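Here's the structure we're looking at; comments come further down.
The values are calculated or read from the model by the stated rules, or taken from the named source; none is laboratory data. The shown structure was predicted, so the numbers you read here are calculated from the model rather than taken from an experiment. All Cβ positions, even for glycine, are placed from backbone atoms using ideal geometry, and neighbour counts span all protein chains on display.
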Amino acid sequence: MSGLGRIFWKEVRELLTPATLVPIIIMAIVFAMLGSAFGGIQEEMEEKAQVGLIIDDEGVIGDFARASLNASTTIVYNGTDLVEGRAMLMDGEAGDALIYIPYNFTSNLLGGSPGWVQVFYHMKGTGLSSSLDSGKVGGALDTLSTDISYAMIVSNFTSNATLVLEPMVMSSTTFLNDKEVEGVTPSQLDAVLSQGQFIVPLIVMLVIIMAGSMVISSMGNEKENKTLETLLTLPVKRTWIVLGKLAGAAVVGLIVSMIYMVGLGFYYSSLAGTSEIDLEKYALALGIEDYVLIGISLFLALLCGLALCMILGIFTKNYKAAQSMTLPITMLALIPMFISLFSDFASLPGPVQALVFAIPFSAPMFAISNITLGYYWLVVAGIIYCAIFAAATMLLAVWMFKRDILLTGRVRSAEKKKFALGGLVSNLWRK
């Protein structure tokens, strides 16, 4: 091989490292998932809204409203009793919303006042996908109002121009699990909730990037300055070295997490003060115990990130190489972050739930939406999983600290055979 070829392949081998390829592959997967999500949303937007319909009005407008809604929506439930209709909506058998047109709709128009329409929504989750259905229902009701105005003009129903322009007055009620929020559509409610649910994933990203970069940079700096070899010659168990490094970074992360949680509390209190929706009135505001759960989840997710960064730091050669080693962790955290913008955890398909749950950083990212929906068991399950994941990655970091891979960056074939759970645990406390 010529000198040019040798130099070429040398550069290719040095550039095509796992630290280079893994972030690119993860980013490609993220973009593929985002493209699939946007494509699914577009398809969902093109579908007609599925609604339940109860029309008690026997006048001409009542018949006209039924025909208009039949054309703009898919009516999955035709009823006559409002109590039964609301029960069917909560059971998921009346579509995305229940539209109720009372008996005096036509008579109100004849008397010169707008007709009332009541709309009941069942909000099954939070995120962008949950507000799409209410948007389609709102569009169908706007079409109904326009059709009624047109019919009133054609039939000379009234000479009141104001009434012709606004023949309908709508009253909305949203059911969020067992909570009834009056005068609010799912889109309006989600707009308020999403302001708080976006900030926690952002906090998780910032904390992991900051604390993780400290751990990896410390490892790279010690290797570059040759202080790691000196540290390993001290009469201290390597287990304590790993735990000491993790504990130091964890304390810093804990302080940062507490600062962020205090800021989050002030953020939510100011959000409740400026919002048109009184979240406390409908038991949707976070309590002290909720902040404690979110804080624990955030701290354990931070421990998972620190342990993973410790493992990645073992493979770094110097301080410069350490700067890019946090990219795989950052890219991994982007997956649940982007998904949380579109949907809540409970609304995801089963395979996607398994994938997202396996990423420890997703636990605090979905904590607020799960608490809002009353799924406390999901929050607790995420905390337990993060604790197990953190313990397992810490054990792996301790095992790797006791091997030549710490200094050479490679695993000998003899050590590969010992890389099993039994050998890992039995040799954990040696040296």
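Of these, 131, 171, which one is modelled with pLDDT under 80 and among the polar types (S, T, N, Q)? Full working, then the answer.
Working: 171 fails: modelled with pLDDT under 80.
Exactly one residue qualifies, and that residue is 131.
For the range 94-105, which residues satisfy the criterion of being in contact with a Gly (Cβ under 8 Å, 6 or more places away or on another chain) and either at pLDDT below 85 or closer than 27 Å to residue 349 by Cβ (or both)?
Answer for the range 94-105, where residues must be in contact with a Gly (Cβ under 8 Å, 6 or more places away or on another chain) and either at pLDDT below 85 or closer than 27 Å to residue 349 by Cβ (or both): 94, 95, 97, 98.
Pick from the range 147-167 the residues that are hydroxyl-bearing (Ser, Thr, Tyr) and under 14 Å from residue 114 (Cβ atoms): which of them is surrounded by the fewest Cβ atoms within 10 Å (Cβ to Cβ)? Before the answer, list the steps.
Going through the range 147-167, the residues hydroxyl-bearing (Ser, Thr, Tyr) turn out to be 149-150, 155, 158-159, 162.
Right, trim to under 14 Å from residue 114 (Cβ atoms) and you get 149, 158, 162.
On the way: 149: 17, 158: 16, 162: 10.
Here the answer is 162.
Does residue 394 qualify as being part of a helix (DSSP H, G or I) and modelled with pLDDT under 80? Give the derivation first.
Values: part of a helix (DSSP H, G or I): yes; modelled with pLDDT under 80: no.
Considered against the rule, which asks whether it is part of a helix (DSSP H, G or I) and modelled with pLDDT under 80, residue 394 comes out as no.
Quick one: is residue 388 of a type in the set (A, V, I, L, M), farther than 22 Å from residue 176 by Cβ and touching a Leu at 6+ places or on another chain (Cβ under 7 Å)? Write out each step before concluding.
Working: of a type in the set (A, V, I, L, M): yes; farther than 22 Å from residue 176 by Cβ: yes; touching a Leu at 6+ places or on another chain (Cβ under 7 Å): no.
No; evaluated as a whole, the condition is false for this residue.
Six or more apart or on different chains, Cβ atoms under 8 Å: show the pairs whose first residue is in the range 356-368 and over 17 Å from residue 206 (Cα atoms) and whose second is polar (S, T, N, Q) and surrounded by fewer than 24 Cβ atoms within 10 Å (Cβ to Cβ).
Here the result reads 368/197, each pair linking the range 356-368 to a residue that is polar (S, T, N, Q) and surrounded by fewer than 24 Cβ atoms within 10 Å (Cβ to Cβ).
All but one of (1) modelled with pLDDT under 85; (2) under 14 Å from the mean Cα position of the chain (by Cα); (3) among the aliphatic types (A, V, I, L, M) hold for residue 331, so report the exception by its number.
(2)
Of all the residues that make up the range 389-403, how many are of a type in the set (A, V, I, L, M, F, W, C) and touching a residue at least 60 places away in the same chain (Cβ under 8 Å)?
Step one: filter the range 389-403 for residues of a type in the set (A, V, I, L, M, F, W, C), giving 389-392, 394-401.
Narrowing the set further to residues that are touching a residue at least 60 places away in the same chain (Cβ under 8 Å) leaves 389-390, 394, 396-398, 400-401.
Qualifying residue count for the region: 8.
Looking at the range 168-206, which of the residues that are touching a Pro at 6+ places or on another chain (Cβ under 9 Å) and not assigned by TED's automatic domain parsing to the domain that holds residue 153 is surrounded by the fewest Cβ atoms within 10 Å (Cβ to Cβ)?
Looking at the filtered set, the residue picked out is 203.
Could you list all residues from the range 60-114 that are within 21 Å of residue 134 (Cβ to Cβ), crowded, with 17+ Cβ neighbours inside 10 Å and of a type in the set (Gly, Ala, Ser)?
Correct list: 65, 68, 72, 79, 85, 94, 95, 97.
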